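Remarks on the structure that follows.
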Amino acid sequence: MSRQEFLNWPNKAITLIGMSGVGKTMLASKLPRDSWFHFSGDYRIGTKYLSEPILDNIKLQAMEVPFLRDLLRSDSIHIANNISVDNLEPISTFLGKVGSEALGGLPLDEFKRRQRMHREAENQSMIDVEEFIVKAHDIYGYRHFVNDSGGSLCELQSKNPLEVLARNTVIIYLRADDETEQRIIERSVSSPKPMYYQEDFLDTKLAEFIKLKGLNDASELEPDLFAQWMFPQLVTHRRPLYQGIADDYGYTLNANDAAAVTDEHELIELLGDIVAAG
């Protein structure tokens, strides 16, 4: 696609990829919602593919409280999650952190089970983009489409969703420079959140951390401490994976250039330049 072909494209469809915190959602917000359909991969995961497991996890915790258990068993109360594009906390709560159960962690087997469920949900949510582009135009009347993908897109280990995205959208990788990357790391280390890890990567780093701390197994981990230790290494692990996707399927946009965009016109012009540069 040439620059002019991109600019003249009557029904633009864009996928934004990159680490969590790099600015994908902020960039998508520059595109007016009256003409752009905003698709959130994480929202789709939480409301479609993990909705029931998330609720089951909440109910499991509620059943530990006698007062709530009795109300649930008598159908006197109803529990629902309130997932929104701006509030994805129920997904994080379901993913959890591996480590000591006494410190709020999950046993390793259960943690891996939830990780696999998330991977399959994310895989399917990206495949759904093709269908949603059609829906957005034919049913809702939107001219354009932006897919704000999750930070673990590069971990899917499957070409199928990437090929779907490349066939239907222009894939834009927001690449952080060293300074931006360090800010992302500092923010995540100060407030560690549940993350998805490729299983082989998790096993390797878990064994390394257990040896480093002189522990016997994962059940002795402090969940937050392990998550803090893991995140900088996760950034290093994901960096070439994202670049590989951009090299094979899309284009690379400097995150600082993206952050300087103020409106739709500036973004489209910038993306036109990126497409022209190849």
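Quick note: the coordinates plus some simple rules give every number you see, no bench work behind them. Fair warning: this is a prediction, and the values are worked out from it, not measured in the lab. Neighbour counts run over all protein chains shown; Cβ positions are idealised from the backbone, glycine included.
In the chain, once you exclude exposed trypsin sites (Lys or Arg not before Pro) (DSSP loop, at most 15 other Cβ within 10 angstrom), what's the longest stretch remaining?
Counting at most 15 other Cβ atoms within 10 Å as exposed, the longest clean stretch of the chain is 144-278.
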Worksheet entry | Long-range amide H partners of Phe145 with built H, under 5 Å | Lys12, Ala13, Ile14, Phe37
Discussion item. Give the separation of the Cα centroids, segment 102-139 to segment 227-278, in Å.
Written reply: 22 Å
Worksheet item: In the structure displayed, which of Lys159/Lys193; Lys59/Lys213; Lys112/Lys205; Lys59/Lys135; Lys30/Lys193 lie more than 23 Å apart, Cα to Cα?
Response: Lys159/Lys193; Lys59/Lys213; Lys59/Lys135; Lys30/Lys193
Worksheet entry | Answer label for percent of Cα pairs over 35 Å apart (calculated), chosen among (1) 18; (2) 10; (3) 23 | (3)
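If contacts are Cα pairs under 8 angstrom and at least 6 residues apart, what is the relative contact order of the chain in percent?
This gives 34 percent for the chain.
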Fill in: Percent of beta bridges antiparallel (DSSP, segment 3-266, rounded to nearest 5)
5 percent
Fill in: Chain lengthening between Glu64 and Trp9 when straightened (0.36 nm per residue, less Cα-Cα)
14.3 nm
Item to complete: Tell me which residues come under 5 Å, amide H to amide H, from Thr252 once H is placed; ignore anything under 5 positions away on its chain.
Response: Tyr173
Discussion item. Let's test the formula: R0 of 51 Å, r as the Cβ-Cβ distance of Gln243 and Ser74. What FRET efficiency results, to the nearest 0.05?
Written reply: 0.40
